[in-house]
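Structure, as structure tokens:
The values are calculated or read from the model by the stated rules, or taken from the named source; none is laboratory data. It should be emphasised that the depicted structure is a prediction, and the values quoted were computed from it without experimental measurement. Cβ atoms come from the backbone with ideal geometry, glycine included; neighbour counts cover every protein chain shown. Areas reflect the complete protein model, heavy atoms only, side chains present, ligands, DNA and RNA absent. Shrake-Rupley method; radii C 1.70, N 1.55, O 1.52, S 1.80 Å.
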Amino acid sequence: MKKTKLETDYEALLQGVEKLSNLTVQSYENTLKALKTLDLEVALQIIKQDQDIDDLQEDITEEATIFIIRQQPVASDLRKILMVMRLATEYERIADYTKNLAEYIILIKQNESLEHYEKNVDKLVHMLELVIQMLKLVMEGLREEDKTKIKEAADMDKQVDEVYNELLASLITHIQVVDGKVFGTAYAILINKYIERAGDHITNIAEEILYALKGRRYHLN
């Protein structure tokens, strides 16, 4: 059966979102590599490539807006187009965090805050790995319209929050007892927070997808 113009255009928008997701995953995988090795070249590459993600987000939003104006979708079709626009914004924000993370990785290396870095890197790496898994799983769920995978991705945010809270408490305690040399600890606190926020935004993505597909709001936090 031949697809309608609306169906074809929607699939093209979804392909754009999937490309945006793939670029975001790539950026987080590069961040993981930079964090493990304190590789300044990789960190600088992350910062440079952020503009590509920003440009793609703007393109998707513009195309979705034109779609709504020209085809005037209603009901479930309109929900899906609005979902595309919201997802593009969420992915752009999530990707932005990798630029911030890369900047702090550079500062850790430049300030030789290696003692603090070595104490905290394993937990930060674990959080990043969870976020990457969430990103991949939620996109699989969207592609397959699989509610179970989407909810599973959102549920993983609880694991991110657990590591975040544990590490934050440890870092604050460390600041209270050290002699003022807290650069490394401060950077770790900021990195910790950005990764935790990424998990929150992926949960937002899961909620938006479920609303578009099922027509009801799910609160997954």
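So that you can scan it fast, the table gives a plain yes or no per residue for (1) crowded, with 17+ Cβ neighbours inside 10 Å; (2) part of a helix (DSSP H, G or I); (3) modelled with pLDDT under 95:
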position: Glu112; (1), (2), (3): no, no, yes
position: Tyr164; (1), (2), (3): yes, yes, no
position: Gln176; (1), (2), (3): no, yes, yes
position: Tyr187; (1), (2), (3): yes, yes, yes
Return yes or no: is Ile132 outside any loop (DSSP other than H, G, I, E, B), under 16 Å from Val25 (Cβ atoms) and of a type in the set (Val, Ile, Thr)?
yes
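Quick check on segment 55-75: of everything there that is open to solvent by less than 50 Å² (accessible area, probe 1.4 Å) and not aromatic (Phe, Trp, Tyr), which residue is modelled with the lowest pLDDT?
Ranking the candidates gives Pro73 first.
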Please tell me if Glu41 is assigned to a helix (DSSP H, G or I) and either at pLDDT 95 or above or in contact with a His (Cβ under 6 Å, 6 or more places away or on another chain) (or both).
yes
